[in-house]
Amino acid sequence: MNILILGSGGREHSLAWAVMQNPKCDKLIVAPGNAGIAQIAECAALDIEDGGAVVSFADENAIDFVIIGPEAPLAAGVADRLREAGILVFGPSAAAARLEASKSFTKEICDAAQAPTAGYGHFTDAAAAKAYVQAQGAPIVVKADGLAAGKGVIIAETVAEAEAAIDDMFGGAFGGAGAEVVIEEFMEGEEASFFVLCDGETVLPIGTAQDHKRVGEGDTGPNTGGMGAYSPAPVLSDEIAEKALAEIIRPTMAEMAKRGMPYQGVLYAGLMIKDGQPRLVEYNVRFGDPECQVLMLRLGAQAMDLMHAAAEGRLAEAQVNWGDDHAMTVVLAAEGYPGSYEKGSAIGGLELLPETSFEMCFHAGTADRDGRIVAVGGRVLNATARGASLQEARDRAYAMADAINWPQGFYRRDIGWRALGEG
Ligand code: AMP
Ligand code: GLY
């Protein structure tokens with residue numbers, strides 16, 4: 001099979017790595033890719049949010065199967081364009097991608113599916129939103145309705161903070177994403193992510209993970225895209241996972257099918273767990289980054305067969321072969337991230353790192369400048385490892401991170417602390 005993966009981050013490097021493990025892959029192209037991906041696959045310049053351009057590229061390169069990594073092309077309808085052109089694709093339609101692209105849509109679906117989630121109000125003007133906040137009190141969560149690159153969520157400790165966030169959002173701080181606002185009850189508990197594949201009908205769990213969103217050790221400082229992750233998530237016991245499937249995920253998928261927008265692709269459910277009860281925080285319509293990196297290392301070659309089965313509507317006959325293993329990824333980021341950071345610093349030592357089915361350093365924001373790997377993003381590398389225990393996975397991941405020679409980078413030393421019973 002000739003395969004095209006869309007995207008350029010650590011998520012896509014790990015997807016490419018898993019696809020390359022599978023003998024059914026004859027040729028792999030990643031667009032646009034990065035310097036790490038270029039070491040294992042062909043990379044191509046392509047505007048991945050332009051459905052017409054993606055269809056033409058797939059035709060010209062005799063692509064049999066397209067895997068879409070990030071949310072933006074999904075929300076832009078690239079999967080729809082590919083399906084219309086008769087090209088097999090892994091990823092939801094633009095209509096179904098609203099489960100990530102519109103928070104009010106997700107809330108409405110949860111209501112219809114009776115899925116446990118935070119109580120909420122949905123507003124199109126500031127006065128009504130503020131009246132709601134005053135009636136509810138704080139803490140309370142103010143969210144821009146649309147895609148805001150992970151920045152459109154404000155956890156307000158006071159009513160005044162919530163009112164300021166409402167003014168910011170309706171004032172255009174998040175562009176069109178903030179034209180509508182969802183205000184939610186603040187949920188307490190422990191967060192975990194649950195990943196399932198869906199083919200429009202059948203739901204197949206493929207793993208759990210937890211990430212560390214804050215930049216600093218002890219989970220302090222500003223939010224980031226994620227500074228590290230591990231899988232499985234101990235808090236998502238089999239019993240709680242089964243509850244999440246029965247009460248949240250399957251009813252959501254059934255509601256989507258009922259509305260004529262069956263969901264096909266990976267669904268990433270962010271859950272809040274308290275007293276043994278999961279509640280939905282949010283859905284994403286793609287793999288998490290860096291959660292994908294730990295899932296791919298654990299799944300290996302079968303990941304491609306599973307995504308292929310989802311795309312062809314064959315999940316009912318698919319099954320996951322689980323190893324009794326653990327994986328961890330440590331993100332190496334550029335000094336200054338998530339604020340402003342320099343680009344172009346050289347990274348050494350990468351060629352000496354192990355590359356096995358237990359240890360891989362996935363690239364995120366890297367480029368090749370005359371044969372030297374340089375940092376060109378905020379999150380730059382993902383030292384990823386698996387082992388028989390989380391401690392073993394962690395030791396291997398940090399051995400890799402420590403062996404990388406990049407003075408302008410930094411990483412958290414405490415990824416997995418909660419699961420390892422530290423702190
Ligand atoms: P979201 O973009 O919806 O995932 O929100 C980003 C983060 O904000 C989540 O991962 C949670 O840590 C937090 N969050 C969002 N909504 C709530 C809520 N209703 N209660 C508590 N925390 C929340
Ligand atoms: N790591 C969180 C995300 O991908 O949204």
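The values are calculated or read from the model by the stated rules, or taken from the named source; none is laboratory data. Remember, it's a predicted structure, so these values are computed and weren't measured experimentally. Here Cβ is always computed from backbone atoms with ideal geometry, including for glycine, and neighbour counts include all displayed protein chains. Ligands, DNA and RNA are excluded from the accessible area calculation, which covers all protein heavy atoms including side chains. Shrake-Rupley method; radii C 1.70, N 1.55, O 1.52, S 1.80 Å.
Could you order the peptides 171-179, 225-233 from most to least packed, using the average number of other C-beta atoms within 10 Å per residue?
225-233, 171-179
Please turn the phi angles of the stretch 313-327 into ³J(HN,Hα) values with the Karplus equation 6.51 cos²θ - 1.76 cosθ + 1.60 (θ = phi - 60°), one per residue in order, whole Hz, x for glycine and proline.
Rounded to whole hertz, the list is x, 10, 5, 4, 9, 8, 8, 9, 8, 8, x, 8, 10, 10, 9.
At 1.4 Å probe size, with the rest of the protein present, what percent of the exposed accessible area of the chain is carbon and sulfur atoms?
47 percent
What does the charge count near His308 come to, summing +1 for each Lys or Arg and -1 for each Asp or Glu among other residues with Cβ under 13 Å from its Cβ?
-3
Calculate the length of the line joining the C-alpha centroid of the stretch 283-298 to that of the stretch 1-44, in whole Å.
15 Å
Could you give the dipole magnitude of the stretch 25-131 about its Cα centre, charging the beta-carbon of Lys and Arg +1 and that of Asp and Glu -1, in debye to the nearest 20?
Charge dipole of the stretch 25-131: 460 debye, to the nearest 20.
Taking H placed 1.01 Å from N in the peptide plane, check which residues at least 5 places from Gly77 or on another chain put their amide H under 5 Å from its amide H.
Residues meeting the amide H criterion: Ala94.
Hey, what number do you get for the chain at 222 nm if only DSSP H runs of n ≥ 4 count, each worth -39500 (n - 2.57), divided across all residues, to the nearest 500?
Result for the chain: -8000 deg cm²/dmol, rounded to the nearest 500.
In what order, largest first, do Ile373, Ile154 sit by accessible area if the probe radius is 1.4 Å?
In descending accessible area the options line up as Ile154, Ile373.
Cα-Cα over 31 Å: which of Lys107/Lys130; Lys103/Lys274; Lys27/Lys258; Lys107/Lys213; Lys130/Lys213; Lys27/Lys107?
Lys27/Lys258; Lys27/Lys107
Excluding ligands, DNA and RNA, what is the solvent-accessible area per residue of the chain at a probe of 1.4 Å, expressed in Å²?
39 Å²
Using protein chains only and a probe of 1.4 angstrom, how many square angstrom of Leu147 are accessible, to the nearest 10?
Only protein atoms counted, so the area is about 70 Å².
Find which of Ala367, Gly344, His308 sits farthest along the positive direction of the dipole of the stretch 292-386, computed with +1 on the beta-carbon of Lys and Arg, -1 on that of Asp and Glu, about the Cα centre.
Of the listed residues, the answer is Gly344.
Through the Karplus equation 6.51 cos²θ - 1.76 cosθ + 1.60, θ set to phi - 60°, convert the phi angles of the stretch 89-105 into ³J(HN,Hα) values in whole Hz; use x for Gly and Pro.
Result, rounded to whole Hz: 9, 9, x, x, 5, 4, 4, 6, 5, 5, 4, 9, 7, 9, 5, 5, 4.
Can you give the charge dipole size of the stretch 236-309 about its Cα centre, rounded to the nearest 20 debye, using +1 on the beta carbon of Lys and Arg and -1 on the beta carbon of Asp and Glu?
240 debye
How big is the stretch 375-423 by Rg and Dmax over its Cα atoms, in Å?
My reading of the Cα-based Rg and Dmax gives 12.0, 35 Å.
Can you list residues from other chains, or at least 5 along the same chain, whose modelled amide H is less than 5 Å from the amide H of Ala44?
Val30, Ala31
Probe 1.4 Å, all protein chains in place: accessible area of Arg314 in Å², nearest 10?
Solvent-accessible area, nearest 10 Å²: 80 Å².
Of Ser102, Leu332, Ala403, whose Cα points farthest to the positive end of the dipole of the chain (charges on the beta-carbon: +1 Lys, Arg; -1 Asp, Glu; origin at the Cα centre)?
Value computed over the given set: Ala403.
Please report the accessible area of Lys243 (heavy atoms, 1.4 Å probe, ligands and nucleic acids excluded) in Å², nearest 10.
Counting only protein heavy atoms, Lys243 exposes about 70 Å² to solvent.
Give me the number: length gained by fully extending Lys274 to Glu312, i.e. 0.36 nm times residue separation minus the C-alpha to C-alpha distance, one decimal in nm.
Answer, rounded to one decimal: 10.0 nm.
Among the aspartates and glutamates, which fall within straight-line cross-link reach of Lys24, defined as a Cα-Cα distance under 19 Å, with same-chain neighbours fewer than 8 residues apart omitted?
Glu12, Glu42, Asp64, Asp305, Glu312, Glu317
Rounded if a/c is under 1.5, else prolate if a/b is larger than b/c, else oblate: which is the chain, with a ≥ b ≥ c the root eigenvalues of its Cα gyration tensor?
Because its axes are fairly even, with a/c under 1.5, the chain counts as rounded.
List the residues, sorted by chain then number, that are 5 or more residues from Ser345 or on another chain and whose placed amide H is less than 5 Å from its amide H.
Placed amide hydrogens put Ala375 under 5 Å from Ser345.
If I model a spin label as a point 7 Å beyond the Cα along the Cα-Cβ vector, how far apart are those points for Gln21 and Ala399 in nm?
In this crude label model, Gln21 to Ala399 measures out at 1.9 nm.
When the Kirkwood hydrodynamic radius is evaluated over all pairs of different C-alpha atoms of the stretch 256-318, what value in angstrom, to one decimal, is obtained?
In the stretch 256-318 this quantity evaluates to 13.7 Å.
Based on DSSP, what percent of beta bridges with both residues in the chain are antiparallel, to the nearest 5?
80 percent
What list of ³J(HN,Hα) couplings, whole Hz, do you get for the stretch 32-41 from phi and the Karplus terms 6.51, -1.76, 1.60, once you set θ to phi - 60° and write x for glycine and proline?
Computed from phi, the couplings for the stretch 32-41 are x, x, 8, 5, x, 4, 5, 7, 10, 8 Hz.
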